[in-house]
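Just below is one structure, and these are the notes that go with it.
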Amino acid sequence: MLVLWFKALHLIAMVAWFAGMFYMFRLFVYHVENRDRPEVTALLKIMAERLYRYITTPAMIATFVFGIAMLVVNPGYLKLGWMHLKWVLVFGLAGYHGFVGVTRRRFAADDIRLTSKQCRILNEVPTLFLIAIVLLAVLRPNFF
């Protein structure tokens, strides 16, 4: 029963993490497109900081904590190839999370190096991670 609670909390945290990842670059798009309107960019900076600091990062941490808790309760998963690939993808997503944080700090300092189009493209990166991670977790392919 404990593993089901960990799984539920892991999924809830994952949804919150992805929600933040999906919205961060949308805020950056708005920032780039309104860089000549300081009243708008000031608000976007606050929104991005609060989203990243109070929702996205804690959700990432909780995703890891409850994912690891499930592995502690059921260590047999560590022997499965699909789980190894899932961890590679999750760490890749964590790296993207770090990139978002660096980008947020640059935008906060008005050091904008990305175009609106680049921000729109980067906004799709979490979708690729989501698809791959969910497919691995649900289908559990036996290819290793």
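Bear in mind that the values in this text are calculations on the coordinates, not laboratory data. The model shown is predicted, which means the values in this text are computed figures rather than measured ones. Cβ sites come from the backbone with ideal geometry, for glycine too, and all protein chains shown count toward neighbours.
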- Taking only Cα atoms and a 10 Å spring cutoff, compute GNM fluctuations for the chain and point out the largest among T115, T56, T103. T115
- Message: Within 14 Å, Cβ to Cβ, of K79, how many net charges do the neighbouring residues add up to if Lys/Arg are +1 and Asp/Glu are -1?
- Response: +2
- Once you've got the GNM for the chain with C-alpha springs shorter than 10 Å, pick whichever of P58, P126, P75 has the biggest mean-square fluctuation. P75
- Message: Can you give me the angle between helix 81-108 and the longest principal axis of the chain, using Cα atoms only, in degrees from 0 to 90, rounded to the nearest 10?
- Response: 20
- Query: In degrees, nearest 10, range 0 to 90: what is the angle between the Cα axis of helix 57-73 and the longest Cα principal axis of the chain?
  - Reply: 10
- Summing +1 per Lys or Arg and -1 per Asp or Glu among the other residues with Cβ less than 12 Å from F107's Cβ gives +3
- Query: One-quarter of the Cα convex hull surface for region 50-144, in nm²?
  - Reply: 7.1
- For region 1-120, taking Cα atoms only, what is the radius of gyration to one decimal and the Dmax to the nearest whole Å? 17.1, 55
